[in-house]
Amino acid sequence: MRKITLFITILVLLGTTFVFSWGFFAHKRVNRLAVFTLPKELIGFYKSNINFITEQAVAPDKRRYSDKEEAPRHYLDADHYDLHHPFDSIPTKWKEAVAKYSEDTLKAYGTVPWRIQERLAQLTQAFKERDSAKILFYSADLGHYVADACVPLHSTENYDGQMSGQKGLHGFWESRLPELFADDYYYWVGKATYISDPLDESFKLLKGSFAALDSVFKFEKELTEKMGKDKKYSFEQRGNKNIQVYSYDFSKAYHEQLDGMVERRMRVAIKAVGSYWYTAWVNAGQPNMKKLVNKSQSDTEKEKAEKDEAAFQNGKALGRVE
Ligand SMILES: [Zn+2]
């Protein structure tokens, strides 16, 4: 927590506007709660490692500080391809999408559904190898990308409201609102279910996100007009700095107008994350989780994680900070 406070302070000193995917808080909660959707064959293993699964939920965001390829893996700017019905035009298969738009374009406007596909395959392989360290690493990572696909502002080029005079909207929706209100959400989402077409499912998650965008933008605009800029922002003490935040009253009014949207998207994310983990396990032939090879993280993986952490502590994300 102290590290995060320090980090925010540094960013404020740098005058950086900063946005994260789902916010650290929500990502951790989604991964953590997804554990409880799992069937009895899996839940014991995940529960014993729930702190790792929780803390590592934010690893892909940290990776953005050391790897410039990372940023676009967290989103898909669907409206770049078609303003209103993008999912009618974007081929779901990577090869077909590359053929239609080029790899450079796809990488510029986001690749989250294919990143999910890649991580799912790696997790499936880890289950086949019964390698507990890899299972944990890829589970936490996969959980992050699946959760990102459930955030409305991860499906648009106007991801921070920067094209509509609503800059800051990204962090507002996915960090500030959950931090203020997520303790009152109802999280029982039922059991994880098998996903027969994982790629198609990722696109469905994005479609749900995209469908919510109208309200996300419209309500913020209306409320800003109604309440005025004075009431929209307030100041909060973070460490030894006073930073500008969306005021509690503005946040509450917006949250109410969204009518449970943040909660619904979080619930969708929790269920989806559990279901992707479960699907990887089923596709790996349902290995007995009591008979895992207890490999610890390899030295190179450990080194890499430490490098990411250091870059994260020091710096500025490479590419889009979303
Ligand atoms: Zn992310």
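Suppose we keep only residues that are touching a Lys or Arg at 6+ places or on another chain (Cβ under 9 Å) and outside any loop (DSSP other than H, G, I, E, B) within the range 64-85. Which one would you say is farthest from the ligand (Cβ to nearest atom)?
The extreme case among them is Ala78.
Which of the residues belonging to the range 197-220 are exposed (fewer than 15 other Cβ atoms within 10 Å of the Cβ) and farther than 30 Å from Glu118 by Cβ?
Matches in the range 197-220: Asp214, Ser215, Lys218.
Taking only pairs six or more apart or across chains, which ones have beta-carbon atoms under 6 Å, a first residue in the range 153-165 that is among the aromatic types (Phe, Trp, Tyr), and a second residue that is buried (at least 20 other Cβ atoms within 10 Å of the Cβ)?
Between residues of the range 153-165 that are among the aromatic types (Phe, Trp, Tyr) and residues that are buried (at least 20 other Cβ atoms within 10 Å of the Cβ), the close pairs are Tyr159/Leu153; Tyr159/His170; Tyr159/Glu322.
Restricting to the range 120-173, and then to whatever is over 17 Å from Phe45 (Cβ atoms) and of a type in the set (Val, Ile, Thr), can you tell me which residue is nearest to the ligand (Cβ to nearest atom)?
Result: Val151.
Determine, yes or no, whether Leu42 is surrounded by 16 or more Cβ atoms within 10 Å (Cβ to Cβ), modelled with pLDDT of 95 or more and outside any helix (DSSP H, G or I). Walk me through it before giving the result.
Values: surrounded by 16 or more Cβ atoms within 10 Å (Cβ to Cβ): yes; modelled with pLDDT of 95 or more: yes; outside any helix (DSSP H, G or I): no.
Against the criterion (surrounded by 16 or more Cβ atoms within 10 Å (Cβ to Cβ), modelled with pLDDT of 95 or more and outside any helix (DSSP H, G or I)), Leu42 does not qualify.
So Pro113 ticks every box in (1) under 17 Å from Ala272 (Cβ atoms); (2) surrounded by fewer than 20 Cβ atoms within 10 Å (Cβ to Cβ); (3) within 16 Å of the ligand (Cβ to nearest atom) but one. Which box is left unticked?
(2)
Go through the residues of the range 173-189 one by one and say whether even a single one is hydroxyl-bearing (Ser, Thr, Tyr) and without any contact (Cβ under 8 Å) to a residue 60 or more places away in the chain. Don't jump to the end; show me each part of the working.
From the range 173-189, those hydroxyl-bearing (Ser, Thr, Tyr) are 175, 185-187; that's our starting set.
When the remaining residues are screened for being without any contact (Cβ under 8 Å) to a residue 60 or more places away in the chain, the result is none.
Checked the range 173-189: no residue is hydroxyl-bearing (Ser, Thr, Tyr) and without any contact (Cβ under 8 Å) to a residue 60 or more places away in the chain.
Of the residues Lys107, Lys128, Lys191, Lys100, which is out of contact with any strand residue (DSSP E or B) (no Cβ under 8 Å at 6 or more places or on another chain), among the charged types (D, E, K, R) and in a loop (DSSP other than H, G, I, E, B)?
Numbers: Lys107 fails: in a loop (DSSP other than H, G, I, E, B); Lys128 fails: in a loop (DSSP other than H, G, I, E, B); Lys100 fails: in a loop (DSSP other than H, G, I, E, B).
Just a single option satisfies the conditions, and that option is Lys191.
Report, by residue number, each residue of the range 131-167 that is farther than 12 Å from Leu213 by Cα, of a type in the set (Gly, Ala, Ser) and part of a loop (DSSP other than H, G, I, E, B).
Taking the range 131-167 first, the residues farther than 12 Å from Leu213 by Cα are 131-149, 162-167.
Now narrow it down to the ones that are of a type in the set (Gly, Ala, Ser): 132-133, 139-140, 143, 147, 149, 164-165.
Once the filter is applied, which keeps residues that are farther than 12 Å from Leu213 by Cα, of a type in the set (Gly, Ala, Ser) and part of a loop (DSSP other than H, G, I, E, B), the range 131-167 yields Ser164, Gly165.
Looking at the range 112-125, is at least one residue in contact (Cβ under 8 Å) with a residue 40 or more places away in the chain and touching a Lys or Arg at 6+ places or on another chain (Cβ under 7 Å)?
The answer is yes; a qualifying residue exists.
Output the residue which, of all residues in the range 4-39 that are of a type in the set (S, T, N, Q) and modelled with pLDDT under 95, is nearest to the ligand (Cβ to nearest atom). Give the derivation first.
If we filter the range 4-39 for residues that are of a type in the set (S, T, N, Q), which is where we start, we get 5, 9, 16-17, 21, 31, 37.
Restricting the remaining residues to those that are modelled with pLDDT under 95 gives 5, 9, 16-17, 21.
Working: Thr5: 21, Thr9: 22, Thr16: 17, Thr17: 17, Ser21: 3 Å.
Filtering first and then ranking leaves Ser21.
One residue is enough: does the range 50-71 have a residue meeting the conditions buried (at least 21 other Cβ atoms within 10 Å of the Cβ), out of contact with any Asp or Glu (no Cβ under 9 Å at 6 or more places or on another chain) and of a type in the set (D, E, K, R)?
No, the range 50-71 has no match at all.
Among residues belonging to the range 174-188 that are assigned to a helix (DSSP H, G or I) and closer than 30 Å to Trp281 by Cβ, point out the one that is nearest to the ligand (Cβ to nearest atom). Break it down stepwise before answering.
Step one: list which residues in the range 174-188 are assigned to a helix (DSSP H, G or I), which gives 174-184.
Among the residues that remain, those that are also closer than 30 Å to Trp281 by Cβ are: 174, 178, 182.
Working: Glu174: 9, Pro178: 14, Ala182: 17 Å.
Filtering the range 174-188 for residues that are assigned to a helix (DSSP H, G or I) and closer than 30 Å to Trp281 by Cβ, the one nearest to the ligand (Cβ to nearest atom) comes out as Glu174.
Cβ contacts < 8 Å: first residue closer than 12 Å to Ile135 by Cα, restricted to the range 272-296; second residue surrounded by fewer than 17 Cβ atoms within 10 Å (Cβ to Cβ) and small (Gly, Ala, Ser), any location; separation 6+ or different chain. Result?
Met289/Gly44
The values are calculated or read from the model by the stated rules, or taken from the named source; none is laboratory data. All figures in this text were calculated on a predicted structure; none of them were measured in a lab. All Cβ positions, even for glycine, are placed from backbone atoms using ideal geometry, and neighbour counts span all protein chains on display.
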